[in-house]
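Just below is one structure, and these are the notes that go with it.
The values are calculated or read from the model by the stated rules, or taken from the named source; none is laboratory data. Note that the coordinates shown come from a computational prediction; the quantities given were computed from them, not determined experimentally. Cβ placement follows ideal geometry from the backbone for every residue including glycine, while neighbour counts extend to all protein chains displayed.
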Amino acid sequence: MKRWLLVLPVVAIVWFAVGYLSAGSACAHDPRFVCSPREARPVRIADPTKSWAFYGHLRAGEYDAFVFTVAAPSAIPWSLLVDRRDARNPGRPHAVLTRHGRIVARLAFAHPTSFYEPFSREHYLTTRPAMLHLAPGRYRITVTIPQAATTQRYVLAIGAQERFGIGEIPYVFGAIHRIRALRY
């Protein structure tokens with residue numbers, strides 16, 4: 001019995017270390033949940049080069065705003081996703097990237113493709129991959145779903161560097177559970 005008391009902490013430490021060391025190669029975004037709509041108080045993206053997935057839900061006429069700052073010239077991927085179970089809903093998210101009020105880039109569902117996210121084990125429709133080539137400065141992304149008949153879920157994915165701090169790993173596991181169990 002006493003031997004198990006010694007083994008359990010070692011197993012827990014090994015499990016946590018393996019999760020920490022493999023997180024960078026998990027092909028996953030750091031999931032965050034947006035309390036939509038976020039019109040007046042934009043979501044601040046601390047580092048747009050880190051791989052993020054922002055889960056939100058909007059009705060027609062509402063929007064979510066995101067802001068970030070680029071310190072050095074950067075190439076940053078971005079995309080929009082819709083849960084495949086919502087494919088019949090005519091609403092599709094649109095994103096507009098602006099700097100100083102000027103449109104820098106747009107992202108829309110012109111030719112969506114199917115995408116399987118192995119980390120969360122969910123199926124999505126996604127925009128074609130798009131790369132932002134950004135100069136240093138402050139940027140704003142606005143996501144809308146103009147044709148949404150009802151509240152429509154979406155995911156804004158931005159960044160490519162898969163980094164998870166040791167304190168983020170429990171949150172990520174909880175977020176994945178929320179995505180799968182609650183069908184966020």
Please give the strands (runs of 3 or more DSSP E) falling wholly within the stretch 33-124 in which 2 or more residues are touching a Pro at 6+ places or on another chain (Cβ under 9 Å) and surrounded by fewer than 18 Cβ atoms within 10 Å (Cβ to Cβ). 63-70, 74-83
Any chance the stretch 63-77 includes a residue that's β-branched (Val, Ile, Thr), modelled with pLDDT of 90 or more and either touching a helix residue (DSSP H, G or I) at 6+ places or on another chain (Cβ under 8 Å) or over 19 Å from ASP47 (Cα atoms) (or both)? no
Condition met for SER114 (out of contact with any helix residue (DSSP H, G or I) (no Cβ under 6 Å at 6 or more places or on another chain), touching a residue at least 60 places away in the same chain (Cβ under 8 Å) and of a type outside the set (A, V, I, L, M)): no
Test for LEU58: is it out of contact with any helix residue (DSSP H, G or I) (no Cβ under 9 Å at 6 or more places or on another chain), modelled with pLDDT of 90 or more, under 15 Å from PRO146 (Cβ atoms) and not charged (D, E, K, R): yes
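State all residues of the stretch 133-157 that are buried (at least 19 other Cβ atoms within 10 Å of the Cβ) and under 18 Å from VAL70 (Cβ atoms); if no residue qualifies, say none.
Matches in the stretch 133-157: LEU134, TYR139, ILE141, LEU156, ALA157.
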Does the stretch 158-167 contain any residue that is out of contact with any Asp or Glu (no Cβ under 8 Å at 6 or more places or on another chain), more than 21 Å from VAL70 (Cβ to Cβ), modelled with pLDDT under 80 and of a type outside the set (Val, Ile, Thr)? yes
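Looking only at the stretch 92-105, count how many residues are under 17 Å from the mean Cα position of the chain (by Cα) and of a type outside the set (A, V, I, L, M).
Matching residues across the stretch 92-105 total 3.
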